[in-house]
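First the structure, which I've put down as structure tokens, then a few questions once you've had a look.
Just so you know, all these numbers are worked out from the coordinates, no wet-lab data involved. None of these values were measured; they are calculated from a predicted model. All Cβ positions, glycine included, derive from the backbone under ideal geometry; neighbour counts span all protein chains shown.
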Amino acid sequence: MSRSERSPLLLAGLLAAAGAAHFADPRRFDEIVPRGLPGTPRAWTYVSGAVELALAAGIALPRTRPAAARAAAAFFVGVFPANVKMAVDWRHRPTPQKATAYGRLPLQLPLVLWARGVARNARDAA
């Protein structure tokens, strides 16, 4: 299996794992839901987890891969405020936790670029 064939499946796996984690340990995600959103943090935790699972399924299927990968790129941009909230909230925590929170911020850009690349490669292969 070539790198270009593995890349979408790795991205799908990452999204599936993250989506499942939202249901396995929702409290961890509830804490980072921005306060200005309507509804409860738990609802947003479950919605974002379900979206990640749906994106994973869409990226795993070649037929829906281009659209799902573009949606994943937009999703990664959309959840960035939660990562900012986590970094702000965790700024006084011990160094390992603080490093985790700060480390998530620059990670969003490679995720967006990865998803866009998957979309582009899937479109070009079609």
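With a 10 Å Cβ neighbour count serving as the proxy for reagent exposure, in which order, fewest first, do Arg116, Arg63 appear?
Working: Arg116 16, Arg63 10.
Starting with the residue having the fewest Cβ neighbours, the order is Arg63, Arg116.
Mind checking which helices in the chain clear 20 Å along their axis (Cα) and have mean Kyte-Doolittle hydropathy of 0.0 or more, DSSP H runs only?
Helices passing the filter in the chain: 3-24, 41-60.
Let me ask you something else. Return Phe80, Phe75 ranked ascending by Cβ neighbour count within 10 Å, so the fewest neighbours appear first.
Phe80, Phe75
Among (1) 93; (2) 107; (3) 169, which is the computed volume of the Cα convex hull per residue in Å³?
Checking each listed value against the structure points to (2).
In debye, nearest 20: dipole of the chain around its Cα centre with unit charges on the Cβ of K, R (+) and D, E (-)?
For this selection, approximately 220 debye.
Taking neighbour counts of Cβ atoms within 10 Å as a proxy for exposure, in what order, fewest first, do Leu55, Leu14 appear?
Leu14, Leu55
Would you work out which of Pro106, Ala72, Pro26 lies farthest towards the positive end of the dipole of segment 3-125, given +1 charges on the beta-carbon of Lys and Arg and -1 on that of Asp and Glu, about the Cα centre?
So the residue we want is Pro106.
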